[in-house]
Amino acid sequence: MRVCVDATPLLLRSAGVKNYLYYWLLHLRWLAGEESVCTFPVAWRFGSLDHQRSLAGRWTTLRGVALLHLSNRLGALLLDRMRRRADVFHASQLLVRTPGNCRVTATLYDMTCWLLPETHTRANVVGAKRFAEQVVSRADGLIAISEHTRQDAVRILDLDPQRIEVIYPGVAEGFFEVPAEAVGAVRAKYGLARTYILFVGTVEPRKNLEVLLDAYLGLPSWLRAEYDLVVAGPTGWAQRSLIDRVRAQGGGVRYLDYVPETDLPGLTAGATLFAYPSLYEGFGFPVAQAMVAGVPVVTSNVSSLPEITGGAAVLVDPRSVSELRAAMERLLLAPAEREALTCRALEVARQYHWETCARKTLAFFERMAGWLPSRGPLRMP
């Protein structure tokens with residue numbers, strides 16, 4: 001069996017999708033071999049993960065982006081010639097034409113462009129709907145990164161649920177059992193002298209950082225004197241004024257901007273509490289990372305987050321400043337409750353290994369290619 005994966009997001013600035021694709025491909029190749037898992041539009045050699053820039057050199061990036069645009073114009077005529085030896089072609093959201101000589105699959109990340117279009121740029125919404133119409137609706141099989149995403153996709157796009165398999169992503173191994181030296185090194189690097197509450201994510205409307213900021217500032221002053229609020233993540237669209245407010249706030253609020261992937265495990269494991277009041281997540285990588293790193297989590301009671309946390313987090317209404325503030329205050333003052341949450345979270349998070357994800361994905365591809373018999377609906381039990 002040979003699979004070709006559209007790896008175009010690795011050439012662009014991206015957060016969750018790039019994180020998923022990088023580790024997913026890395027582990028698929030580790031298990032199946034590079035000859036069995038090739039990439040489009042360029043042959044991929046893995047370096048370190050950087051969400052802010054292309055993971056390839058300048059000319060390789062330009063060539064890859066040019067091939068993407070050319071393929072979207074010429075469609076199967078070009079793709080059939082380039083990938084005629086592939087049994088399965090796995091498309092990304094940027095490619096809206098697919099080969100006609102193999103099985104086609106894709107990953108469903110979330111339905112926010114339909115449910116919360118105001119939290120996206122118009123271009124993102126148009127692109128997502130075009131991809132759904134031209135690729136998702138015609139794909140032979142689909143992977144959803146959570147059961148909630150699968151159900152939303154079935155309801156919104158009128159998809160056959162038997163075409164969709166739920167396969168949870170993983171968390172990078174660096175978040176499991178983070179050594180104390182790594183925590184100390186990150187604290188020293190970023191000048192984190194005090195204990196802190198942590199938020200990690202691109203600062204964009206869907207992440208709901210303004211509510212978190214208001215909730216933190218509503219904590220008693222003596223508690224804020226002990227715990228900083230540390231915000232780590234690059235600026236997304238329509239959030240410049242919020243970032244300016246965070247930078248000017250002072251009084252315990254620290255904005256670190258983009259934090260390299262190598263520093264995230266230490267930064268996460270060093271937090272007393274992880275707060276993530278997102279309005280919608282297809283999976284929620286930062287939440288899973290905090291759970292794996294042994295940090296108690298306060299997050300939203302909507303979308304996939306109750307599913308992913310599995311009863312191992314405090315869930316709140318993400319639009320309620322008072323509810324979020326009360327949950328943070330309670331946990332900061334209750335070390336025993338934090339410890340209990342951490343123990344439950346470590347149990348739940350044992351399922352979030354990339355090797356597990358890759359093995360389930362290879363079995364999915366084998367069924368798509370006809371190498372394994374179908375075992376009924378693709379949906380995970």
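The values are calculated or read from the model by the stated rules, or taken from the named source; none is laboratory data. Just so you know, these numbers come straight off a predicted model, no measurement behind them. Because the Cβ atoms are built from the backbone with ideal geometry, glycine has one as well, and the counts that use them run over all protein chains shown.
Annotation note: Cβ proximity below 7 Å between a residue of region 74-96 that is surrounded by fewer than 16 Cβ atoms within 10 Å (Cβ to Cβ) and a residue that is of a type in the set (Val, Ile, Thr) and modelled with pLDDT under 85 (sequence gap 6+ or interchain) occurs for no pair.
Condition check for residue 143 on (1) out of contact with any His (no Cβ under 9 Å at 6 or more places or on another chain); (2) crowded, with 16+ Cβ neighbours inside 10 Å: one failure, at (1). Say whether the condition of being among the polar types (S, T, N, Q) and either surrounded by fewer than 21 Cβ atoms within 10 Å (Cβ to Cβ) or under 14 Å from residue 290 (Cβ atoms) (or both) is met by at least one residue in region 203-215. No, the conditions are met nowhere in region 203-215.
Residue 85 fails exactly one of the following numbered conditions: (1) part of a loop (DSSP other than H, G, I, E, B); (2) closer than 27 Å to residue 292 by Cβ; (3) of a type in the set (Lys, Arg). What is the number of that condition? Residue 85 satisfies every listed condition except (2). Within region 51-64, the set of residues being in a loop (DSSP other than H, G, I, E, B) and buried (at least 16 other Cβ atoms within 10 Å of the Cβ) comprises 51, 54, 55, 56. Hey, any hits in region 316-338 for a residue that's free of Cβ contacts under 8 Å to residues at least 40 places away in the same chain, closer than 30 Å to residue 153 by Cα and in contact with a Ser or Thr (Cβ under 9 Å, 6 or more places away or on another chain)? Yes, there is a match, as at least one residue in region 316-338 is free of Cβ contacts under 8 Å to residues at least 40 places away in the same chain, closer than 30 Å to residue 153 by Cα and in contact with a Ser or Thr (Cβ under 9 Å, 6 or more places away or on another chain).
Hey, can you tell me all the residues within region 301-311 that are surrounded by fewer than 20 Cβ atoms within 10 Å (Cβ to Cβ) and either out of contact with any Asp or Glu (no Cβ under 7 Å at 6 or more places or on another chain) or modelled with pLDDT under 95 (or both)? Once the filter is applied, which keeps residues that are surrounded by fewer than 20 Cβ atoms within 10 Å (Cβ to Cβ) and either out of contact with any Asp or Glu (no Cβ under 7 Å at 6 or more places or on another chain) or modelled with pLDDT under 95 (or both), region 301-311 yields 302, 306, 310, 311. Filter region 191-202 for residues that are crowded, with 17+ Cβ neighbours inside 10 Å and in a loop (DSSP other than H, G, I, E, B); which is farthest from the chain's Cα centre (by Cα)? By that ranking, first place goes to 192. Among residues of region 220-266 being in a helix (DSSP H, G or I) and small (Gly, Ala, Ser), the one that is nearest to residue 184 (Cα to Cα) is 266. Quick one: would you say residue 24 is modelled with pLDDT of 85 or more, assigned to a helix (DSSP H, G or I) and in contact with a Phe, Trp or Tyr (Cβ under 8 Å, 6 or more places away or on another chain)? So residue 24 passes the test. Could you check region 152-170 and list, in sequence order, the residues that are under 18 Å from the mean Cα position of the chain (by Cα) and not hydroxyl-bearing (Ser, Thr, Tyr)? The answer is 152, 153, 165, 166, 167, 169, 170. If you go through region 177-194 and keep only what is under 25 Å from residue 347 (Cβ atoms) and at pLDDT 95 or above, you end up with 178, 179, 180, 182, 183.
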